[in-house]
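Chemist: Submitted below is the structure of interest, expressed as structure tokens.
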Amino acid sequence: MSGILVIAEQRRGELRPVSLELISAAQNLRTAGDTVTVAILAGSPGLFLDSLKLAGVDEIVAIEVAAAEFDPDTFESAVGALIRERKPGVVLVAHSVDSFGYAAALAAKLHLGFATDVFKAERLDGTLVATRGGYGQKVNVEVDFPGRDTVLLAIRANVYKPPDQRGDPRISEFAAPATMSRAGGRDFIELSSNDDVDMTAAEFILTIGRGIGEETNVAQFKELADAVGATLGCSRPIADAGWLPKSRQVGQSGKTASSCKLYIAMGVSGAIQHLAGMKHVSTIVAVNSDAGASIFNVAKYGVVGDIFEIAEELRRLF
Amino acid sequence: MKILIAVKQVAALDEDFEIREDGRDVEEEFLIRDLNEWDDYSLEEAVKIKEASSEPVEVVIVSVAPGEADESLRKCLAKGADRAIRIWDDGMEESDPIAIARVLAAAAKSEAPDMLFAGVQSSDHTFASTGIATAAFLGWPHAAVVSSLDYAPGAKSAVFRRELEGGLLQEVEIQCPAVLTIQLGINTPRYASLRSIKQAAAKPIEVKSLADLNLSAGDVGASGSHSRVRRMYIPDKGRAQLIEGDTAAKARRLAEIIREFKGDAA
């Protein structure tokens, strides 16, 4: 059991960026004699081969599947067959919505060592060790996989930097077993926006979270955002409650604050899914009454205090 | 007709907490327990389906946990679950999500529901694995991160939307029975009324052991798990430079940061 198998991810004809990050994670784990193989499953896998020709990749395996987009049965069957044939020591997938749909099932069926949301994978004295968060990311948890010949790790996105050098891997094909899908994917739907704001273009965002408590308090922060010249954003609970439109939600399932330079988070605890949409911003200011809130771990400046009192004082200054 | 819902009592940490002496978990006295937030939504989804159905539907919750979880199970009973099953055996300590899933699947086999819901993940350890691993042991169709659902109990298929990254959804049709993991925001969970809380206190919680489900000790705990915790530790954190002073001073510094940014941007 040796070698590292990376399962690349694509959606609607585009390679998902995390696929390249997985290649870097594989480099990190590689020991002498390990080969790094990247598998791409798609209706037309040939479309993605060029983007995967990166330094450190020894082989790209193109797997043509009937389902053009992700489907749990197809992935379990094809990736499972590839693992049985190649017997890799480590299999890396993204910790993503697609892998949520099949990775645990694959690990259960093939008796693989298994850990998800891994942000560090390393070998310590020859033992594969994965680190993930626990108790709402307040602790780090190191796990290992005694007695497992193959270990499947779902790696958190935006942790490893994609490789910047091109490479010249061998290309091969793998015939996926025929599979009857029991969960047929239909159309994709872009979240309809009943608001004209584009969070991805905003340079200055003021975000509110669960800490605002009541819907009636939204107005105070909307007014503050307008006064200071910020775009008002929110975390998931605010959008789920319908207090602000989904188009203003920053985070994994919402928008990424891609152009943002100043991000003020008020009453946002800092769940990992929210951080995914904003932790890259150069100046993050967190205001929260809970000094232990994980938002302070990514913020440049922190204010521990009552968000309403601070918002009120701040409003007077503009 | 029956819908089975896997639920978990999660643990959050007290503001100050200590790591256990063996370095592999947090001292139990610092854990604050509550029903997993995701499970509130999957229970509500099942109760809504029951209320909309012309056929009788039984909503059953199942949890793999020691007796301390009864508090959360009663909360589910108060919010509309008809029955609660709790499975525990001391050998289940240290079970990872796959070992838990093996137990849930055995419970599902004996209950034979028409549909099984689980939360996308639990707020404490965010594995996002238990529901889908349960489907694997059952051999059932499965889907993760369901954010809207159209399902009539007993129907041969259901149509749902799964929530992808970046504000994208996908519509999917799935064969039933299936395992669906339910996302936050799919509905608005109800509050339990005082009356229903009182009624729930009188409902029994069925307690089952490994043997009741034809499982053996090797199926659970460390031997039935696909990972093992080596070490738990408090990470270096708090990069934020704290702005001190009274409220007015804090606001003045915030205003300065905003004006500096605007100066740069201008």
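Chemist: Using a simple charge model, +1 on the beta-carbon of Lys and Arg, -1 on the beta-carbon of Asp and Glu, nothing else, what dipole does region B:1-128 show about its Cα centre, in debye to the nearest 20?
Modeler: That gives a dipole near 980 debye.
Chemist: For chain B, give the share of DSSP beta bridges that are antiparallel, in percent and rounded to the nearest 5; count only bridges with both residues there. Could you put the intermediate results ahead of the total?
Modeler: Values: 17 of 41 bridges.
Bridges in chain B that DSSP calls antiparallel: roughly 40 percent.
Chemist: So what's the back-of-envelope 222 nm ellipticity for chain B, counting only DSSP H runs of four-plus at -39500 (n - 2.57) apiece and dividing by all residues, rounded to 500? Numbers along the way, then the final one.
Modeler: Values: 7 runs with 81 residues, N = 266.
Rounded to the nearest 500, it is -9500 deg cm²/dmol.
Chemist: Note the per residue figure in Å³ for the convex hull of the C-alpha positions in region A:238-304.
Modeler: Taking only Cα atoms, region A:238-304 has a hull volume of 80 Å³ per residue.
Chemist: Where is the GNM fluctuation largest for chain B (alpha-carbon springs, 10 angstrom cutoff): B:Pro235, B:Pro204, B:Pro97?
Modeler: Result: B:Pro235 has the largest fluctuation of those listed.
Chemist: Also, quick follow-up: Just round it to a whole percent: the fraction of Cα-Cα distances in region B:114-238 exceeding 17 Å. Walk me through the numbers on the way to the answer.
Modeler: On the way: 5603 of 7750 pairs.
The answer is 72 percent, as a whole percent.
Chemist: Continuing with this model, one more query. Among A:Ser99, A:Ser269, rank each residue by its count of other Cβ atoms within 10 Å, from fewest to most, as a rough exposure measure. Write down the numbers at each step before the final one.
Modeler: Values: A:Ser99 25, A:Ser269 21.
Final ranking by Cβ density, sparse to dense: A:Ser269, A:Ser99.
Chemist: Do the sum for chain A: with -39,500 (n - 2.57) for every DSSP H run of n ≥ 4, divided by all residues, what is the mean residue ellipticity at 222 nm, to the nearest 500 deg cm²/dmol? Intermediate values should be presented prior to the final figure.
Modeler: Working: 9 runs with 73 residues, N = 318.
Taken over chain A, the calculation gives -6000 deg cm²/dmol.
Chemist: Can I ask one more? Would you kindly calculate the translational diffusion coefficient of region A:203-280, applying Stokes-Einstein with the Kirkwood radius from alpha carbon pairs, for 4 °C and a viscosity of 1.567 mPa s, and quote it in µm² s⁻¹ without decimals?
Modeler: Rounded, D is 108 µm²/s.
Chemist: Same structure, new question: What is the mean number of Cβ atoms from other protein chains located within 10 Å of the Cβ atom of each residue in peptide A:5-16, rounded to a whole number? Spell out each step's value before the answer.
Modeler: Values: counts 0, 0, 0, 0, 0, 0, 5, 3, 0, 0, 0, 2.
Partner Cβ neighbours, averaged per residue: 1.
Chemist: With a cut-off of 16 Å, note down the residues of region B:63-93 whose backbone N falls inside the zone around a label point 7 Å from the Cα of A:His111 toward its beta carbon.
Modeler: Inside the label zone: nothing.
Chemist: In bins 10 Å wide, starting from 0, what share of all Cα pairs of region B:1-152 does each bin hold, as a percent?
Modeler: Here the calculated profile for region B:1-152 is 11, 41, 35, 11, 3, 0.
Chemist: Run the reach check for A:Lys53 against lysines, Cα to Cα strictly under 26 Å, same-chain hits fewer than 8 apart removed. What comes back?
Modeler: Filter leaves A:Lys87, A:Lys120, A:Lys161.
Chemist: Could you state the principal axis extents of the C-alpha atoms in region B:32-98, from the largest down, to the nearest angstrom?
Modeler: Projected onto the principal axes, the Cα atoms of region B:32-98 cover 42, 23, 20 Å.
Chemist: Enumerate the residues in region A:160-202 having an amide nitrogen under 17 Å from the point lying 7 Å beyond the Cα of A:Ala81 toward its Cβ.
Modeler: Counting backbone N atoms under 17 Å from the label point, the list is A:172-182.
Chemist: Two-decimal Rg/Rh of chain B from alpha-carbon positions, Kirkwood Rh?
Modeler: Working: Rg = 21.7 Å, Rh = 20.5 Å.
Using only Cα positions, Rg/Rh for chain B is 1.06.
Chemist: Then there is this: What relative contact order, as a whole-number percentage, does chain A give when Cα pairs under 8 Å and 6 or more residues apart are counted?
Modeler: On the way: 664 pairs, mean separation 47.2, N = 318.
15 percent.
Chemist: Once you sort the root eigenvalues of the Cα gyration tensor of region A:1-55 as a ≥ b ≥ c, which label holds: rounded (a/c under 1.5), prolate (a/b larger than b/c) or oblate (the other case)? Walk me through the intermediate numbers first.
Modeler: Working: a/c = 2.46, a/b = 2.01, b/c = 1.22.
It is prolate, given that a/c is not under 1.5 and a/b is the larger ratio.
Chemist: For a quick check, take a GNM of chain A with Cα springs below 10 Å and name the residue from A:Thr37, A:Thr216, A:Thr207 with the largest mean-square fluctuation.
Modeler: A:Thr216
Chemist: May I ask you to sort A:Phe296, B:Phe17 by Cβ crowding, counting other Cβ atoms within 10 Å and putting the fewest first?
Modeler: Working: A:Phe296 24, B:Phe17 18.
By the 10 Å Cβ count, ascending, the order reads B:Phe17, A:Phe296.
Chemist: A further question follows. Quick check on the exposure proxy: order A:Thr231, A:Thr150 from fewest to most C-beta atoms within 10 angstrom.
Modeler: Working: A:Thr231 19, A:Thr150 22.
So the residues, fewest neighbours to most, are A:Thr231, A:Thr150.
Chemist: Here's a follow-up. Using a ≥ b ≥ c from the Cα gyration tensor of region A:1-100 (square roots of the eigenvalues), is it rounded, prolate or oblate, where a/c under 1.5 gives rounded and otherwise the larger of a/b and b/c decides, a/b for prolate?
Modeler: Working: a/c = 1.67, a/b = 1.36, b/c = 1.23.
It comes out prolate by the Cα gyration axes.
Chemist: Quick one: what Rg and Dmax do you get for region A:160-318 from the alpha carbons, in Å?
Modeler: 19.7, 67
Chemist: With just the Cα atoms defining each centre, how far is region B:29-68 from region A:235-287? Give it in Å.
Modeler: 29 Å
Chemist: Here's another thing I want to ask about it. If you stretched the chain out fully between B:Ser53 and B:Arg20, how much longer would it get, using 0.36 nm times the residue separation minus the C-alpha to C-alpha distance? Don't jump to the answer; show the numbers that get you there.
Modeler: Working: separation 33, 0.36 × 33 = 11.88 nm, distance 4.85 nm.
So the chain would gain 7.0 nm between B:Ser53 and B:Arg20.
Chemist: Under a point spin-label approximation (7 Å from Cα along Cα-to-Cβ), what is the A:Asp306-B:Ala249 distance to one decimal in nm?
Modeler: 1.8 nm
Chemist: Could you list log10 I(q)/I(0) for region A:89-142 at q = 0.13, 0.15, 0.26 Å⁻¹, which the Debye formula gives when each Cα is one point scatterer?
Modeler: Result of the Debye calculation: -0.36, -0.47, -1.15.
Chemist: Right, another one. Write down the percent of antiparallel bridges among all DSSP beta bridges whose residues are both part of region A:9-154, to the nearest 5.
Modeler: Details: 12 of 25 bridges.
Rounded to the nearest five, the antiparallel share is 50 percent.
Chemist: Also, quick follow-up: Using the scaling law 2.2 N^0.38 Å as the reference, what is the normalised Cα Rg of the protein assembly as shown?
Modeler: On the way: Rg = 23.9 Å, N = 584, 2.2 N^0.38 = 24.8 Å.
Dividing the Cα radius of gyration by 2.2 N^0.38 Å gives 0.97.
Chemist: Between B:Val103, B:Thr134, B:Leu168, whose Cα lies farthest towards the positive end of the dipole of region B:47-171 when Lys and Arg beta carbons carry +1 and Asp and Glu beta carbons carry -1, centred on the Cα centre?
Modeler: After comparing all options, I get B:Leu168.
Chemist: Which GluC sites (Glu not before Pro) in region B:84-192 pass both tests, a DSSP loop state and at most 12 other beta-carbon atoms within 10 Å?
Modeler: Details: sites: B:Glu93, B:Glu94, B:Glu111, B:Glu163, B:Glu165, B:Glu171, B:Glu173; in loops: B:Glu93, B:Glu94, B:Glu165.
In loop regions of region B:84-192 (DSSP not H, G, I, E or B), the sparsely surrounded GluC sites (Glu not before Pro) are B:Glu93.
Chemist: Taking the DSSP beta bridges in chain A as the whole, what percent of them are antiparallel, to the nearest 5?
Modeler: Working: 13 of 59 bridges.
Of all bridge pairs located within chain A, approximately 20 percent are antiparallel.
Chemist: Then there is this: Binning at 10 angstrom from zero up to the longest distance, how are the C-alpha pair distances of chain A distributed in percent?
Modeler: Using 10 Å bins, I get a P(r) of 6, 24, 28, 22, 15, 5, 0 for chain A.
Chemist: Can you tell me the alpha carbon radius of gyration of region A:44-154 divided by the globular rule-of-thumb value 2.2 N^0.38 Å?
Modeler: On the way: Rg = 15.1 Å, N = 111, 2.2 N^0.38 = 13.2 Å.
Ratio of Rg to 2.2 N^0.38 Å for region A:44-154: 1.15.
Chemist: Still on this structure, I have one more. What's the center-to-center distance, using Cα atoms, between region B:106-172 and region A:21-84 in Å?
Modeler: The distance from the Cα centre of region B:106-172 to that of region A:21-84 comes to 26 Å.
Chemist: State whether region B:89-154 is rounded, prolate or oblate according to the following rule on the C-alpha gyration tensor (a ≥ b ≥ c being the square roots of its eigenvalues): a/c under 1.5 gives rounded; otherwise a/b larger than b/c gives prolate, and the remaining case gives oblate.
Modeler: Working: a/c = 2.35, a/b = 1.32, b/c = 1.78.
Note, shape of region B:89-154 comes out oblate.
Only the coordinates and a few stated rules stand behind these numbers; no lab work does. Keep in mind that what you see is a predicted model, and the values were worked out from it rather than measured. When we count neighbours, we look across all protein chains shown, and the Cβ atoms used for this are built from the backbone with ideal geometry, even at glycine.
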